[in-house]
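Colleague: Quick one: this structure, given as structure tokens, is what I'll be asking you about.
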């Protein structure tokens, strides 16, 4: 099983999620650690190769941006409550940087 490496303030952001969103994010990240796919995700190729976004729908929409293509770990780069359809542009202007080779494939 891969470990999770929390980048920037991603762990702090997850702790601020409401309990149901936090539980679902944890379950989906566990699936990724096991080598599987989350139940609802999309590629974020505009950010970098191998970058994916988990979509969590509870009373609001939440997002988890991560990279799992490396053998050693799942890199969790950003978690946020969704409030716009322009996630890729917003991510480029904030959040933790991705692992160096994430955008170089």
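Colleague: Rounded to the nearest whole Å³, what is the per residue volume of the convex hull around the Cα atoms of the stretch 3-95?
Modeller: On the way: hull volume 8.3 nm³, N = 93.
Per residue, the Cα convex hull of the stretch 3-95 comes to 89 Å³.
Colleague: If packing is taken as the average count of other Cβ atoms within 10 Å, what order do 4-16, 57-69 fall into, highest mean first? The partial results should precede the final answer.
Modeller: Numbers: 4-16: 15.6, 57-69: 18.5.
For the peptides 4-16, 57-69, the packing ranking is 57-69, 4-16.
No lab work stands behind these numbers, since they all come straight from the coordinates. Predicted model, so just to flag it, every value in this text is computed and none were measured. As a convention, Cβ positions derive from the backbone with ideal geometry for all residues, glycine included, and neighbour counts pool all protein chains shown.
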